[in-house]
1. Residues to consider are SER3, SER28; find the one that is at pLDDT 95 or above and either small (Gly, Ala, Ser) or touching a His at 6+ places or on another chain (Cβ under 8 Å) (or both).
2. For the chain, please list each of the helices (runs of 4 or more DSSP H) lying entirely inside it that holds at least 2 residues being surrounded by 11 or more Cβ atoms within 10 Å (Cβ to Cβ), among the acidic types (Asp, Glu) and touching a helix residue (DSSP H, G or I) at 6+ places or on another chain (Cβ under 7 Å).
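The values are calculated or read from the model by the stated rules, or taken from the named source; none is laboratory data. Since the structure is predicted, the reported quantities are computational estimates derived from the model, not experimental observations. So basically every Cβ, Gly included, is an ideal-geometry build from the backbone, and we count neighbours across all protein chains shown.
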Amino acid sequence: MSSSNEAWEHLGELTEEDAMHVLTRLFSMYEEEEQRHPGNKETTLFFRNLITALGQTSACNLNRR
């Protein structure tokens, strides 16, 4: 997989369970990197973006109710 288009294609083919596994694995990979290299800009950005996405999803879900 070498492009974001390919990544989107593969994500679209995943079951819900597999998508959750991918998210969990991605989180674990960045968490391990953060433990090895505290303050790493890449990991800080990943977790900041993840928190933003979680907040946006929560807000969207609240608006649907």
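1. Exactly one of SER3, SER28 is at pLDDT 95 or above and either small (Gly, Ala, Ser) or touching a His at 6+ places or on another chain (Cβ under 8 Å) (or both), namely SER28.
2. The qualifying helices (runs of 4 or more DSSP H) are 16-36.
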